[in-house]
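Student: Before we start, here is the structure in question, set down as structure tokens.
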Amino acid sequence: MARAADRAVEGLILPVPRGTRVYVDDAYFRAENAPYAVSAIRGALSEAGYALASSKQEADAVLELRAGALSLEQMRRVFGIPEMRIPINDTFNVVSMPELSVYSRRDRVGVAEFSGFLYEPKTGAPLGAVMPMTGEYRLRSHKLLMIVAWGQQSIEPGQRDPGDSWREF
């Protein structure tokens, strides 16, 4: 998920001049690994030339964040006997059996999608909206005869075209 969040915020710009002091409001940004995603957004803003404000009172603009998705999807395919946990009595004692497979494949996909809107902190006047920023990171690993392992990584970067990453009000 962390790598997907990093990819989602690549090329992030706001509809305000660079150098503007921006407060990142994450009060309504609730998701697993939200602190990392907020830090990635703050880092992208800093890299884009915006000054980060530590409070709304010090800011020229407030960016209120929304999480569309911040998740990890996993899927495993096994040709053989998959790993199992077998209960052996009523007191929750369990025996784990390892995977006994000819071939297995594990796919993990981290997905991040964020959006937000920008407003003037003193008046609440809207300044613009950040269109959904998306990023995806895939890992695929294979195992043959329970010994030989290999894998691939696939990165789907976030939006890079600044003209499409925001809308001015």
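Student: List pairs: first residue in region 29-43 and touching a residue at least 12 places away in the same chain (Cβ under 8 Å), second residue open to solvent by 100 Å² or more (accessible area, probe 1.4 Å) anywhere in the structure, Cβ distance under 9 angstrom, at least six positions apart or on different chains.
Tutor: 29/66
Student: Please work out which residue is modelled with the lowest pLDDT, limiting yourself to region 55-83 and to residues that are open to solvent by 80 Å² or more (accessible area, probe 1.4 Å), in a strand (DSSP E or B) and under 30 Å from residue 134 (Cα atoms).
Tutor: 72
Student: Against the definition (closer than 30 Å to residue 9 by Cα, in contact (Cβ under 8 Å) with a residue 12 or more places away in the chain and out of contact with any Phe, Trp or Tyr (no Cβ under 8 Å at 6 or more places or on another chain)), how does residue 96 come out, yes or no?
Tutor: On the way: closer than 30 Å to residue 9 by Cα: no; in contact (Cβ under 8 Å) with a residue 12 or more places away in the chain: yes; out of contact with any Phe, Trp or Tyr (no Cβ under 8 Å at 6 or more places or on another chain): yes.
The answer is no for residue 96.
Student: Pairs needed: first member in region 5-26, without any contact (Cβ under 8 Å) to a residue 40 or more places away in the chain; second member anywhere, open to solvent by 50 Å² or more (accessible area, probe 1.4 Å); C-beta distance under 9 Å; at least 6 residues apart or different chains.
Tutor: Every condition considered, the pairs that remain are 26/35.
Student: Out of the residues in region 116-139 that are among the hydroxyl-bearing types (Ser, Thr, Tyr) and crowded, with 18+ Cβ neighbours inside 10 Å, which is modelled with the highest pLDDT? Talk me through it step by step, then tell me what you get.
Tutor: Filtering region 116-139 down to residues among the hydroxyl-bearing types (Ser, Thr, Tyr) leaves 119, 123, 134, 137.
Imposing the further condition that a residue be crowded, with 18+ Cβ neighbours inside 10 Å reduces the set to 119, 134, 137.
Details: 119: 90, 134: 82, 137: 82.
Applying the filter and picking the extreme gives 119.
Student: Can you name every residue in region 29-47 that is farther than 25 Å from residue 73 by Cα and open to solvent by 20 Å² or more (accessible area, probe 1.4 Å)?
Tutor: Passing the criteria: 42, 43, 46, 47.
Student: Just checking, how many residues over region 13-28 are part of a loop (DSSP other than H, G, I, E, B), under 21 Å from the mean Cα position of the chain (by Cα) and either of a type in the set (Ser, Thr, Tyr) or surrounded by fewer than 16 Cβ atoms within 10 Å (Cβ to Cβ) (or both)?
Tutor: Residues of region 13-28 that are part of a loop (DSSP other than H, G, I, E, B), as a first pass: 13-20, 26-28.
This time we only want the ones that are under 21 Å from the mean Cα position of the chain (by Cα), so: 13-14, 26-28.
Then keep just the ones that are either of a type in the set (Ser, Thr, Tyr) or surrounded by fewer than 16 Cβ atoms within 10 Å (Cβ to Cβ) (or both); that gives 27-28.
So the answer is 2.
Student: Could you look through region 84-109, keep only residues that are assigned to a loop (DSSP other than H, G, I, E, B) and of a type outside the set (Phe, Trp, Tyr), and pick out the one that is most open to solvent (accessible area, probe 1.4 Å)?
Tutor: First, the residues of region 84-109 that are assigned to a loop (DSSP other than H, G, I, E, B): 88-93, 98-99.
Filter once more, keeping what is of a type outside the set (Phe, Trp, Tyr): 88-91, 93, 98-99.
Details: 88: 106, 89: 67, 90: 147, 91: 95, 93: 69, 98: 86, 99: 30 Å².
So the residue we want is 90.
The values are calculated or read from the model by the stated rules, or taken from the named source; none is laboratory data. Worth saying up front: this structure is predicted, and the values here are computed from it rather than measured. Neighbour counts are summed over all protein chains in view; Cβ atoms, including those assigned to glycine, are modelled from backbone coordinates with ideal geometry. For accessibility, only protein heavy atoms count, side chains too; no ligands or nucleic acids. Shrake-Rupley method; radii C 1.70, N 1.55, O 1.52, S 1.80 Å.
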